[in-house]
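Peer 1: Structure in structure tokens, see below.
The values are calculated or read from the model by the stated rules, or taken from the named source; none is laboratory data. Not measured: the values here are computed from a predicted model. Cβ coordinates were reconstructed from backbone atoms using ideal geometry, including for glycine residues, and neighbour counts include every protein chain displayed. With ligands, DNA and RNA removed, areas are computed over all heavy atoms of the protein, side chains included. Shrake-Rupley method; radii C 1.70, N 1.55, O 1.52, S 1.80 Å.
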There are 2 protein chains.
Amino acid sequence: MWVLCLGFSSMALAQEPVDLDMAGRIRQEAFHHSQVMDILGHLTEDIGPRLTNSPQMAQANAWTQEKFKGWGLANVHDEAFDDFGRGWEFSEANVEMLAPRTAPLYALPKAWTPGTNGPVEGEVMRVSIKTRKDLDQYKGKLKGRILLLDDARAYKPGTEADWQRYDDAGLAELQGFTLPKGPSRDRAALLKRYAERQELARATNEFFVAEGVLATIAISGWDNGIIRVGGGGSRRAGESVGVPELAMMAEHYNPLVRALERKETVKLRVDVKARFTDDSNRPGYNTIAEIPGSGGKANEIVMLGAHMDSWHTGTGASDNGAGVAVMMEAMRILKAVGAKPKRTIRVGLWSGEEQGLIGSRAYVAKHFASYPEPTDPAQKALPAFLREPTGTLQKQPGYERFAAYFNMDNGSGRFRGIYAQENTAAMPIFKAWLEPFHDVGATTVTSRDTGSTDHVSFDAVGLPGFQFIQDKLDYSTNVHHSNLDTLDHASADDLKQAAAIVAFFAWQAAQREEKLPRKPLAQD
Amino acid sequence: MWVLCLGFSSMALAQEPVDLDMAGRIRQEAFHHSQVMDILGHLTEDIGPRLTNSPQMAQANAWTQEKFKGWGLANVHDEAFDDFGRGWEFSEANVEMLAPRTAPLYALPKAWTPGTNGPVEGEVMRVSIKTRKDLDQYKGKLKGRILLLDDARAYKPGTEADWQRYDDAGLAELQGFTLPKGPSRDRAALLKRYAERQELARATNEFFVAEGVLATIAISGWDNGIIRVGGGGSRRAGESVGVPELAMMAEHYNPLVRALERKETVKLRVDVKARFTDDSNRPGYNTIAEIPGSGGKANEIVMLGAHMDSWHTGTGASDNGAGVAVMMEAMRILKAVGAKPKRTIRVGLWSGEEQGLIGSRAYVAKHFASYPEPTDPAQKALPAFLREPTGTLQKQPGYERFAAYFNMDNGSGRFRGIYAQENTAAMPIFKAWLEPFHDVGATTVTSRDTGSTDHVSFDAVGLPGFQFIQDKLDYSTNVHHSNLDTLDHASADDLKQAAAIVAFFAWQAAQREEKLPRKPLAQD
């Protein structure tokens, strides 16, 4: 049943049809027969963390395919994106202080770094390496040493609650748009620094191996015993993987630095079991499935997506098992309520997001559009997600048939609305679509952009790609890229609400007379 | 220079002399030449955690004696309290999940439990033991198993900031006194439960050893990866120490329970290096030192104190290195400013506090007063700190010569005032003494009692024993009895302020014409 929603804010809103019957059916399935926590539980606790190209990521690809098939989705398959690199996994990481006193220390390895091949013991030494020239002073001095890479860091007291939800003032504040600053030399400097850092990392890996360093230890990105860490070494076959690298909880790291400053001899034992699971570079895999449309719009595409890969020290529950579970649950709900959409509704569970939106970007390039490879060597040296668009957008046949993409990747918090990504014409449409969910807290459409995840792959080529406003919960205080990113920190009720809204947005986008309006490309 | 402080609230306040000259000298030394963080740093990071009767506690006794002697204190010595039990220490604790998937898990041992004597591997099993009868069902079923003792626990979101300071409203609220409830059957029931729990623990230790249990794992008391744990096993020679017992971070524990609920086989490897450092029970030791008084009041005693023992998983920085460092620094300051007190100012660095105020209570019994040993077997079975006072208080000669005791044991937070412990007559005196420290935040005298630490040993026999109101910081959210109780969570400025106030209170109490007024004994 299509009804006219009598909105208050604009003619466009007044004319946007909202399928309240379908909203009710979706809510019923999502709120009363939810499977979202079962899905998230399996992903995180049966499968575990899902580093791109790890065996566990492959398990996740296989299991999600199986679920999709079980729900009767069509065209279920994995789709490769080339040349990601090698897989890696770890199973143990034990560090003991042997001098000046004995104590266990808590540290976990950076992804894509080698294990120690059994316990190793060595004296600890502080090194400060900011440029390639800094390596020279350490030549011949590092053999058998365990290196501390960072300064001690003062404890930062938590003066806000860990667990945050938007209040009315916060949502109102989100309505304001800040004009972007023009292209600046800042970006050029940033890219230069990025390239230099990459080059320094490569040189340092080789140097540490050549010098016989046993292991390196960095300070965790956060305090309170949380270990927040990403990758190190190299995932590329043929590059030096360096030496074992760990990140240590701040409360254990700082005392090591202070002991060295007091000229004490600090000795550690380190035992990391980690391994590269491939000898050569491999493609990564996105998992794709769809509910085919029917009728004249069947070859137009509405997409949902979230990245299935995660970092390795937690179980990737909030980043981004939550998004995957919600997108899967949204597809399940649509099937369960018997949705027969006009447009095809397709879900993409991306890989390689944490390494720069690699999976979604490759998918968009293959099916929709991309910019030519850069010819400028400086641009070429950058990973794709950092490159400036150059040349003319190369459109695939699917480009014009693409209707909309909806992404989720800001933890497990409740949807409070949506970022319109400066797509002004889409705003009244979203306002209308949110009305059936005002009572569960989703009310706000902001013109603002949000970034740093897979909808950017769509947005970057001028396709309407969106992400939702979410309550923050403890995403930025406890779980993001940390060992606490586990099932217990995910919010079940919020995920049920999110799945309902995603299913309904997909339905509305699939049924709408016109595809969603597009904004001009930023570089047009 | 003694001056009359013209207060506003009572005649008593108006007449209390306040030595502003000495306040100024103490502030100068405490704020501009502080050594409090050096002391705390050595205690926590050179010596480490200081479990009662551990080798590190003995190091702390020796080092603090040396410091006191270096500062020119008199009568520096350790004083034994009998029959505490054995020492214990640990150096490693590694747990790996082997099935259903591999991952390192973070867990630390309970104090006074045995190590594993090398890595052990076994299947995990959930047991629920609430009474002795519950043991029967497990007979013959536990061999080679690793036992989970607790249910999974839902994550409790942090809706307040971790780091808290009193605001004006909070300090005002502290001024209200809640009438105590009369003696109730609650207390009797509580003591009965305590005795039953102790008996169950003993029976369970023996049962698990007899049944061949490999290890037990409890859930940490707090979330967010923090490991909060005290003792297990037994510190008493001749009692069963049970099997290796660990507490695991909640985010790693809960998934094990859930996997068992899904009927999955869960296998762990556990490797704990821990040892009892004595074969037989030993006395514990308090460290004592003093600045002798002179003149007619020289044999009257003002005491300062804090417990030097700590739990074992952090380094006992806030609980209670902070108190120890402040009391030591207060003594140092008094010597540095050339204080020649009328009464003797004595410091006691207690041991055995965490096991029930054992060191301070023994000290008070020996030097000041105690109640006779109970004859009721039920009372006799309780540890001393839980017994009801019975019979007539046995006073030592020092009892009447005792002026006051000041304690610190609520973390490293700034002093905001003092708890008067219902000693109404002391309140205007403390109000006057606090005036020179209003500008650094110490303003409040409350009639309220505060408990759970060593001033209770004095208060319980009718001696004026006090503790200060402190800003909470993250004492109750992150560090109390946890692996995060480390130097980085201690607040340097707050400890400087506290040391100044303690030194000044000691001075005022030592110089005052009369000893501090006493309140009637609760049981009189």
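Peer 1: List the distances, in nm to one decimal, from the label point of A:Glu196 to the label points of the same position in every other copy, shortest first, placing each label point 7 Å from Cα along the Cα-to-Cβ direction.
Peer 2: Here A:Glu196 shows inter-copy label distances of 7.0 nm.
Peer 1: Take region A:361-423, compute every pairwise Cα distance, and split them into 5 Å bins from 0; I just need the percent in each bin.
Peer 2: 4, 13, 18, 17, 18, 14, 10, 4, 1
Peer 1: What does the average come to when, for each residue of peptide A:312-321, you count the partner chain Cβ atoms lying within 10 Å of its Cβ?
Peer 2: On the way: counts 1, 2, 3, 4, 0, 1, 0, 0, 0, 0.
The mean count of partner-chain Cβ atoms within 10 Å per residue comes to 1.
Peer 1: Would you tally the net charge around B:Gly212, using a Cβ to Cβ cut-off of less than 9 Å, leaving B:Gly212 out, and scoring K and R as +1, D and E as -1?
Peer 2: Numbers: positive: B:Lys143, B:Arg145; negative: B:Glu211.
My count for the surroundings of B:Gly212 gives +1.
Peer 1: Give me the summed buried accessible area for the A-B pair, 1.4 Å probe, to the nearest 100 Å². Before the final figure, lay out the partial values.
Peer 2: Working: alone 22260 and 22250 Å², together 40600 Å².
Rounded to the nearest hundred, the buried surface is 3900 Å².
Peer 1: Further, regarding this structure: Given H placed on each backbone N at 1.01 Å, which residues far from B:Leu105 in sequence or on other chains put an amide H within less than 5 Å of it?
Peer 2: B:Val95, B:Glu96, B:Met97
Peer 1: Taking amide H positions as placed 1.01 Å from N in the peptide plane, with prolines and chain starts having none, which residues 5 or more places from A:Ala420, or on another chain, fall under 5 Å of its amide H?
Peer 2: For A:Ala420, whose amide H was placed from the backbone, the distant partners under 5 Å are A:Thr446, A:Ser447, A:Arg448.
Peer 1: Return the residues of region A:126-163 for which accessible area with all protein chains present is lower than in the chain on its own by 20 Å² or more; set the probe to 1.4 Å and exclude ligands, DNA and RNA.
Peer 2: For region A:126-163, once contacts with the other chains are taken into account, A:Tyr155, A:Pro157, A:Gly158, A:Thr159, A:Ala161, A:Asp162, A:Trp163 lose 20 Å² or more.
Peer 1: Semi-axes of region A:100-156's equivalent ellipsoid from the Cα gyration tensor, sqrt of 5 times each eigenvalue, largest first, rounded to whole Å? It would help to have the intermediate numbers written out before the result.
Peer 2: Details: eigenvalues 88, 62, 40 Å².
Whole-Å semi-axes of the equivalent ellipsoid: 21, 18, 14.
Peer 1: Which residues belonging to region B:83-123 lose at least 20 Å² of 1.4 Å-probe accessible area when the assembly is complete, relative to their chain isolated?
Peer 2: Output list: B:Phe90, B:Ser91, B:Glu92, B:Asn94, B:Glu96, B:Arg101, B:Thr102, B:Pro104, B:Tyr106.
Peer 1: Given a 1.4 angstrom probe, what's the average accessible area per residue across region A:108-170, in square angstrom? Present the calculation step by step, with values, prior to reporting the outcome.
Peer 2: On the way: 3600 Å² over 63 residues.
Here the per-residue accessible area is 57 Å².
Peer 1: What's the FRET efficiency of B:Glu400 with B:Thr178 using the Cβ-Cβ distance as r and R₀ = 35 Å, to the nearest 0.05? Display every interim value, and only then the final one.
Peer 2: Details: r = 32 Å, r/R0 = 0.92.
The value I calculate is 0.60.
Peer 1: Write down the accessible area per residue of region A:188-264 in Å², having rolled a 1.4 Å probe over the full set of protein chains. Please list the in-between numbers first.
Peer 2: Numbers: 2990 Å² over 77 residues.
Roughly 39 Å² per residue, with all protein chains present.
Peer 1: Residue by residue, what Karplus-based ³J(HN,Hα) values in Hz, rounded to whole numbers, does region B:402-411 have, using 6.51, -1.76 and 1.60 with θ = phi - 60° and x for Gly and Pro?
Peer 2: 7, 9, 5, 10, 10, 10, 9, 6, 10, x
Peer 1: Moving on. In whole percent, and with a 1.4 Å probe on the protein chains, what portion of the accessible area of region A:312-376 is carbon and sulfur?
Peer 2: Carbon plus sulfur share of accessible area: 51 percent.
Peer 1: So what J values fall out for region A:150-165 if you push phi through Karplus, 6.51 cos²θ - 1.76 cosθ + 1.60 with θ = phi - 60°, rounded to Hz, Gly and Pro as x?
Peer 2: So the Karplus estimates, Gly and Pro as x, are 10, 5, 5, 10, 4, 4, 10, x, x, 9, 10, 4, 4, 9, 10, 10 Hz.
Peer 1: Continuing with the same structure: As a test of the formula, what do you get for chain B when each DSSP H run with n ≥ 4 contributes -39,500 (n - 2.57) and the sum is divided by the residue count, at 222 nm and rounded to the nearest 500 deg cm²/dmol? Before the final figure, lay out the partial values.
Peer 2: Details: 14 runs with 152 residues, N = 524.
Computed mean residue ellipticity for chain B: -8500 deg cm²/dmol.
Peer 1: Now a separate question. For region B:254-299, which residues drop by 40 square angstrom or more in accessible area between the chain on its own and all protein chains together (1.4 Å probe)?
Peer 2: Residues shielded by partner chains are B:Arg258, B:Arg262.
Peer 1: Kindly provide the pair-distance distribution of the protein assembly as shown built from C-alpha pairs, with 20 Å bins from 0 and whole-percent values in order of increasing distance.
Peer 2: In order of increasing distance, the bins hold 12, 36, 32, 17, 3, 0 percent.
Peer 1: Measuring with a 1.4 Å probe in the full set of protein chains, what accessible area per residue, in whole Å², belongs to region A:345-480? Don't skip to the end; give the middle numbers.
Peer 2: On the way: 4330 Å² over 136 residues.
Here the residues of region A:345-480 average 32 Å² of exposed surface.
Peer 1: Probe radius 1.4 Å, ligands and nucleic acids ignored: give me the carbon and sulfur share of the accessible area of region B:150-268 as a rounded percent.
Peer 2: On the way: 3220 of 6140 Å².
Using a 1.4 Å probe with all protein chains present, region B:150-268 comes out at 52 percent carbon and sulfur.
Peer 1: Also, I was wondering about something else. Which percentage, to the nearest 5, of the DSSP beta bridges contained in the protein assembly as shown is antiparallel?
Peer 2: Working: 85 of 143 bridges.
The antiparallel proportion sits near 60 percent.
Peer 1: For B:Ala195 and B:Arg132 in the same chain, what is the full-extension length gain: residue separation times 0.36 nm, less their Cα-Cα distance, in nm? Mind dumping the intermediate values first?
Peer 2: Working: separation 63, 0.36 × 63 = 22.68 nm, distance 1.26 nm.
So the chain would gain 21.4 nm between B:Ala195 and B:Arg132.
Peer 1: Going down the list A:Lys181/A:Lys342; A:Lys143/A:Lys192; B:Lys431/B:Lys496, which pairs span over 30 Å between their C-alpha atoms?
Peer 2: Over 30 Å apart, Cα to Cα: A:Lys181/A:Lys342; A:Lys143/A:Lys192.
Peer 1: Work out Dmax and Rg for region B:394-524 from the C-alpha atoms and quote the Rg first, both in angstrom.
Peer 2: 15.3, 46
Peer 1: Scan around B:Ala247 for amide H atoms under 5 Å from its own, H built in the peptide plane at 1.01 Å from N, and keep only partners 5 or more places away or cross-chain.
Peer 2: Here the answer is B:Leu108, B:Lys110, B:Ala218, since their amide H atoms fall under 5 Å of that of B:Ala247.
Peer 1: Have a look at chain B and give its Rg and Dmax from the Cα atoms, expressed in angstrom.
Peer 2: So, for chain B, Rg and Dmax equal 24.3, 77 Å respectively.
Peer 1: Work out from phi, with θ = phi - 60° and the Karplus expression 6.51 cos²θ - 1.76 cosθ + 1.60, the ³J(HN,Hα) of each residue of region B:57-72, listed in order in whole Hz, and give x for Gly and Pro.
Peer 2: After applying 6.51 cos²θ - 1.76 cosθ + 1.60, I find 5, 5, 4, 5, 4, 5, 5, 5, 4, 4, 4, 4, 5, x, 7, x Hz.
Peer 1: Considering only the label points, 7 Å along Cα→Cβ from Cα, what distances in nm to one decimal separate A:His77 from the same position in each other copy, shortest first?
Peer 2: Spelled out, the distances from A:His77's label point are 8.9 nm.
Peer 1: Right, another one. Remind me, relative contact order of chain B in percent, using alpha carbon pairs under 8 angstrom and six or more residues apart? Please report the intermediate quantities before stating the final value.
Peer 2: Numbers: 1191 pairs, mean separation 116.4, N = 524.
The normalised contact order for chain B reaches 22 percent.
Peer 1: Next question, about the same structure. Which three numbers, in whole Å and largest first, are the semi-axes of the equivalent ellipsoid of region A:271-376 derived from its Cα gyration tensor as √(5λ)?
Peer 2: Semi-axes from the Cα gyration tensor: 30, 21, 10 Å.
Peer 1: Determine the percent antiparallel among the DSSP beta bridges restricted to chain A, to the nearest 5.
Peer 2: Details: 42 of 71 bridges.
In chain A, DSSP labels about 60 percent of beta bridges as antiparallel.
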